[in-house]
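Input: a single structure, listed below in structure tokens.
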Amino acid sequence: MQIVNGVPKSARITVSPALNRESAAAQLTGRGPIPCPGPYIVTPERIRLFAELTHNDHPIHHHDSVARDYGYPALVAPPTFAAVVMVKAQYDAVRILAPGVAPTALLHTRQTLDIRRLLIAGDIVTTDIRIRSIRTTGEYAGVEAQLVFTDQHGEIVQSSSSSLYVCAPAVSAHPVARPYPLGGVVDRARTLTGNRQTLRSAATSPGLPLPRRIFPVDSADMDTYDALGTPDHYRTAAGPEAHGRPPSGMMRLALTAGYLSSCLGDPAAVARYDAEFTHFGGQRGRAGRPVEIAGRMVSVDGTGAGIVELDGRCLDRKLFIHAHAVLRPPAR
């Protein structure tokens with residue numbers, strides 16, 4: 001077995017159509033990471049579309065010349081851009097666990113994202129996914145997945161963990177699989193591809209509330225965002241109730257990343273995002289809905305690293321059970 005950056009690269013796992021769900025689950029939890037079909041090429045067009053949909057307005061996401069001025073070799077993707085690749089991988093894994101499951105039967109409950117560096121135009125991203133555990137509760141299966149994103153040079157650029165609930169009672173429970181031996185991506189996330197400016201001390205004072213911002217989001221934006229990561233065979237026509245729904249979990253996190261970039265002046269300031277999502281139905285007749293996001297500095301240490309507590313609201317409801325971001329120390 002080949003080892004790249006401490007991560008085992010197993011052979012592709014193929015599942016016969018005749019394989020039952022229990023055997024498929026055993027494959028997923030009992031072996032190494034599952035290489036997802038085909039690499040993902042990060043292009044300037046995809047970066048700009050993602051940034052526009054999620055209000056990541058920092059100019060390094062929109063203008064090549066500004067990205068170069070900041071020290072990057074190409075246009076820079078927003079911090080949560082890897083969600084586009086991640087969602088595709090999650091659907092592929094769930095499709096093996098629960099063949100034919102409808103997208104409405106998936107519930108995304110929690111997400112973490114560890115950022116070693118921001119993705120840039122020209123990156124070719126390969127995703128490995130490992131199912132860490134499957135737990136059954138009534139008619140739902142709780143799936144814990146760990147994903148690692150590597151670039152064309154075999155370097156780990158980001159990693160994430162996801163908690164999903166699948167309405168698939170035939171999925172069997174399996175013990176926790178051995179996780180990736182990452183050694184703590186956050187702890188090593190100190191080398192960046194661009195030049196960072198030192199954050200203003202006023203913006204990172206403990207206890208300081210960050211300015212509240214409101215982002216306009218409509219159904220067309222949400223449909224386009226969802227289509228970026230959802231495979232064609234999982235897409236369904238939106239019903240009337242969808243036009244009043246809140247944004248998906250990953251779109252909420254993307255809006256939050258854009259919010260923090262605007263507050264801190266640096267999209268590379270965050271090393272880790274951690275959020276647990278609320279879930280509630282939509283309101284018919286409301287095609288547009290503002291998303292309100294606010295934050296508060298919880299702590300800052302002597303190096304400038306800190307934690308920001310985040311709050312999001314839409315349709316008069318909370319978007320997160322809890323959410324926070326871990327700031328890396330500013331460049332000196």
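Working out 0.36 nm times the residue gap between L107 and T137, then minus their Cα-Cα distance, what length gain in nm do you get to one decimal?
9.4 nm
Stretch E45-R212 to full length: gain in nm at 0.36 nm per residue minus the Cα-Cα span?
Gain in length upon complete extension: 57.2 nm.
If I model a spin label as a point 7 Å beyond the Cα along the Cα-Cβ vector, how far apart are those points for I321 and H279 in nm?
1.1
How high is the FRET efficiency between R95 and E292 when r is their beta carbon distance and R₀ equals 25 Å, given to the nearest 0.05?
The computed FRET efficiency comes out at 0.10.
I'd like the FRET efficiency for D57 and E155, computed as 1/(1 + (r/R0)^6) with the beta carbon distance as r and R0 of 22 Å, rounded to 0.05.
Efficiency, from the Cβ-Cβ distance: 0.20.
Where a number appears in this text, it was derived from the coordinates with a stated rule and is not lab data. The shown structure was predicted, so the numbers you read here are calculated from the model rather than taken from an experiment. Positions of Cβ are backbone-derived with ideal geometry, glycine not excepted, and every protein chain shown enters the neighbour counts.
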